[in-house]
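Novice: Let me begin by handing over the structure; questions about it come next.
The values are calculated or read from the model by the stated rules, or taken from the named source; none is laboratory data. Please read all numbers here as calculations on a predicted model, not as lab measurements. Backbone-built Cβ (ideal geometry, glycine too); neighbour counts: all protein chains shown.
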Amino acid sequence: MTGREYPPRPIVGIGIVVFKADQVLLIRRAKPPNVGSWSLPGGAQELGETAETAARRELEEETGVTVGPLHLAAVVDNIRPDPAGQIQFHYTIIDYAARWLAGEPRAGSDVGEARWARLDALEPFQLWHEAHRVIALARRLVGP
């Protein structure tokens, strides 16, 4: 078991939807849960850290990218029981939207790959349905 499996309470996760022209920044997870899956950059908030600081830190650690102003886009619950019905993972994810400011995507901590994906060509990435919803909400916030 990892420290995040079978938690006594939900873990606050932070996600960030970064846009550059008609592209969104995606990462491929290198650690559980969802190893090998494509996702939005993000991770767990640390004790004493604001949500916005966590978003910027996770983005920099995972991709090397920096962004301008952050806009709250959505809050998503990711609750995953094991086969016996016990809660194995429970994240409450605060998702922010932002526009790219600097840096070229590179795989950093917890990430196997980081890259820009065209918004009209997301199907091959097999994103979680909530990621598609959050990307659409985020795009409305920061514009085309």
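Novice: What's the number of the only condition in (1) within 16 Å of the chain's Cα centre (by Cα); (2) within 26 Å of E123 (Cα to Cα) that T53 fails to meet?
Specialist: (2)
Novice: Determine which member of the set V134, V111 is among the aliphatic types (A, V, I, L, M) and more than 22 Å from A21 (Cα to Cα).
Specialist: Values: V134 fails: more than 22 Å from A21 (Cα to Cα).
Testing whether each residue is among the aliphatic types (A, V, I, L, M) and more than 22 Å from A21 (Cα to Cα) leaves just V111.
Novice: Taking only segment 60-71 into account, find how many residues are touching a Phe, Trp or Tyr at 6+ places or on another chain (Cβ under 9 Å) and surrounded by 15 or more Cβ atoms within 10 Å (Cβ to Cβ). Working first, answer last.
Specialist: Within segment 60-71, the subset touching a Phe, Trp or Tyr at 6+ places or on another chain (Cβ under 9 Å) is 65-68, 70-71.
Within this subset, residues satisfying the condition of being surrounded by 15 or more Cβ atoms within 10 Å (Cβ to Cβ) are 65, 67, 70-71.
Qualifying residue count for the region: 4.
Novice: Being farther than 19 Å from E113 by Cβ and among the polar types (S, T, N, Q) narrows it down to one of Q88, Q23, so name that one.
Specialist: Among Q88, Q23, only Q88 is farther than 19 Å from E113 by Cβ and among the polar types (S, T, N, Q).
Novice: Can you tell me which residues in segment 72-92 are over 14 Å from the mean Cα position of the chain (by Cα) and part of a strand (DSSP E or B)?
Specialist: Restricting attention to segment 72-92, the residues satisfying the condition of being over 14 Å from the mean Cα position of the chain (by Cα) are 79-90.
Within segment 72-92, I79, R80, P81, I87, Q88, F89, H90 meet the criteria.
Novice: On the phi < 0 side of the Ramachandran plot and either touching a helix residue (DSSP H, G or I) at 6+ places or on another chain (Cβ under 9 Å) or free of Cβ contacts under 8 Å to residues at least 12 places away in the same chain (or both): is that true of A30 in this structure?
Specialist: Values: on the phi < 0 side of the Ramachandran plot: yes; either touching a helix residue (DSSP H, G or I) at 6+ places or on another chain (Cβ under 9 Å) or free of Cβ contacts under 8 Å to residues at least 12 places away in the same chain (or both): no.
Considered against the rule, which asks whether it is on the phi < 0 side of the Ramachandran plot and either touching a helix residue (DSSP H, G or I) at 6+ places or on another chain (Cβ under 9 Å) or free of Cβ contacts under 8 Å to residues at least 12 places away in the same chain (or both), A30 comes out as no.
Novice: Please find, within segment 10-39, the residue that is nearest to the chain's Cα centre (by Cα) out of those that are of a type in the set (K, R) and modelled with pLDDT of 95 or more. Can you show your working first?
Specialist: To start, the set of residues in segment 10-39 that are of a type in the set (K, R) comprises 20, 28-29, 31.
Still in the list and also modelled with pLDDT of 95 or more: 20, 28.
Details: K20: 16, R28: 10 Å.
Going through the qualifying residues, I end up with R28.
Novice: Of the conditions (1) in a strand (DSSP E or B); (2) surrounded by fewer than 17 Cβ atoms within 10 Å (Cβ to Cβ), R140 satisfies every one except a single condition; which number is it?
Specialist: (1)
Novice: Is at least one residue of segment 6-24 β-branched (V, I, T), under 19 Å from I79 (Cα atoms) and in a loop (DSSP other than H, G, I, E, B)?
Specialist: no
Novice: Moving on. Test of understanding: among A44, A74, which residue is under 14 Å from I16 (Cα atoms), surrounded by 12 or more Cβ atoms within 10 Å (Cβ to Cβ) and free of Cβ contacts under 8 Å to residues at least 60 places away in the same chain? It would help to see each step written out before you state the result.
Specialist: Working: A74 fails: free of Cβ contacts under 8 Å to residues at least 60 places away in the same chain.
Just a single option satisfies the conditions, and that option is A44.
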